[in-house]
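The values are calculated or read from the model by the stated rules, or taken from the named source; none is laboratory data. On a predicted model such as this, the values are computed, not experimentally measured, just so you know. Note that each Cβ is placed from the backbone with ideal geometry, even for glycine, and that neighbours are counted across all protein chains shown.
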Amino acid sequence: MTAATLVGCGSSSDIGSETNADNTEANAAVPAGEVLRIGTEGAYAPFNYTNADGTLGGFDVDMANAICDDMQVTCEIMAQDWDGIIPGLKAGKYDAIVAAMSITPERAKQVAFTEPYFSNSLVFLAKKDSSFDPSNSSDITAHSIAAQRSTVSSQWLEGEYPDANIKLYDTLSNAFLDLGSGRVDAMISDKLPAIEWLSSESGGDYVVKGDEIDIDDNFAIAVRPGDELQASINQSLANLKTNGTYDKIHQKYFAVPTSATETAAPIADATAQ
């Protein structure tokens, strides 16, 4: 459960630097100039990933940096294995989780969520020439299906198809690896990481099978219950939407030119939900 990578981010990319630079009021939860420690997974592209040089990148990392810029604090972003990411927050290793984390009733018993910053759907993947059809429940129970452990996708599959032959993996990349190696017949995943993988060399022979699955799944930032940081981050999210920074970050990672790979849309007004 220890942090695998630590990246000091005193200022973000060009996108993040266009945040509320004129905000002169110190943040109530984290005074201006102080450090905000953020945990992410670092293994969930395009939301968060670890570069070859050990630095962290992705939509979540850019959002975290933009929030820190708006709050006038220094970001320290560290990678944490998914299974230990909530325990790490509760143990005080970091102050917030920005890691494509879905809001669920179970998690809401352990953490406090901010307003959502992204809307997600699920998809099934299989080989292009596969007869796998997820619209037929018998196909789902007849095939081995990969999913990342302790995620909304695996929990949805286990709940809807308790008799399915589900293979669970600690990381999404390991699930993709077994799918691409033919050790499982199909896989269920959040839509955008799936689209990212399909565009890679390993995913070239695979496609989305069936319709995407709308499960009213929203991503939010997690903090410890009762932490004033929740309100402060909500204000920064509102600022980023108002000044256009959110749209620029979203466009950077999720602009797709064809309808065949249309990505999930950002929440129209996350601060009002």
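Observations on the model:
- From S232, S131, S138, S181, residue being more than 19 Å from the chain's Cα centre (by Cα), assigned by TED's automatic domain parsing to the domain that holds D60, of a type in the set (S, T, Y) and over 17 Å from A45 (Cβ atoms): S232
- In this entry, A96 passes the filter for residues that are among the small types (G, A, S) and crowded, with 24+ Cβ neighbours inside 10 Å.
- The single condition among (1) small (G, A, S); (2) at negative phi; (3) not in a helix (DSSP H, G or I) that G210 does not meet is (2).
- Selection count where residues are closer than 17 Å to I85 by Cβ, of a type in the set (F, W, Y) and surrounded by 22 or more Cβ atoms within 10 Å (Cβ to Cβ), scope segment 140-179: 0
- Inspection of segment 240-256 finds a residue satisfying the criterion of being out of contact with any strand residue (DSSP E or B) (no Cβ under 8 Å at 6 or more places or on another chain), at pLDDT below 50 and farther than 20 Å from V30 by Cβ.
- Total residues in segment 81-132, condition in a strand (DSSP E or B) and either hydroxyl-bearing (S, T, Y) or under 15 Å from Q230 (Cβ atoms) (or both): 7
- Residue check for S232: touching a Cys at 6+ places or on another chain (Cβ under 9 Å) and farther than 30 Å from D185 by Cα: no
- Candidates E201, E196, E158, filtered to the one that is within 21 Å of I103 (Cα to Cα) and outside the structural domain of Y44 (by TED's automatic domain parsing): E158
- Among the residues of segment 187-229, those identified as among the aromatic types (F, W, Y) and under 15 Å from the mean Cα position of the chain (by Cα) are W197, F219.
- Some residue of segment 212-219 being in contact with a Pro (Cβ under 6 Å, 6 or more places away or on another chain), surrounded by fewer than 22 Cβ atoms within 10 Å (Cβ to Cβ) and either closer than 26 Å to V61 by Cβ or among the basic types (K, R) (or both): yes
- Of all positions in segment 174-192, at least one carries a residue that is at pLDDT below 95, of a type outside the set (D, E) and at negative phi.
- S173 being farther than 22 Å from S200 by Cα and in contact (Cβ under 8 Å) with a residue 12 or more places away in the chain: no
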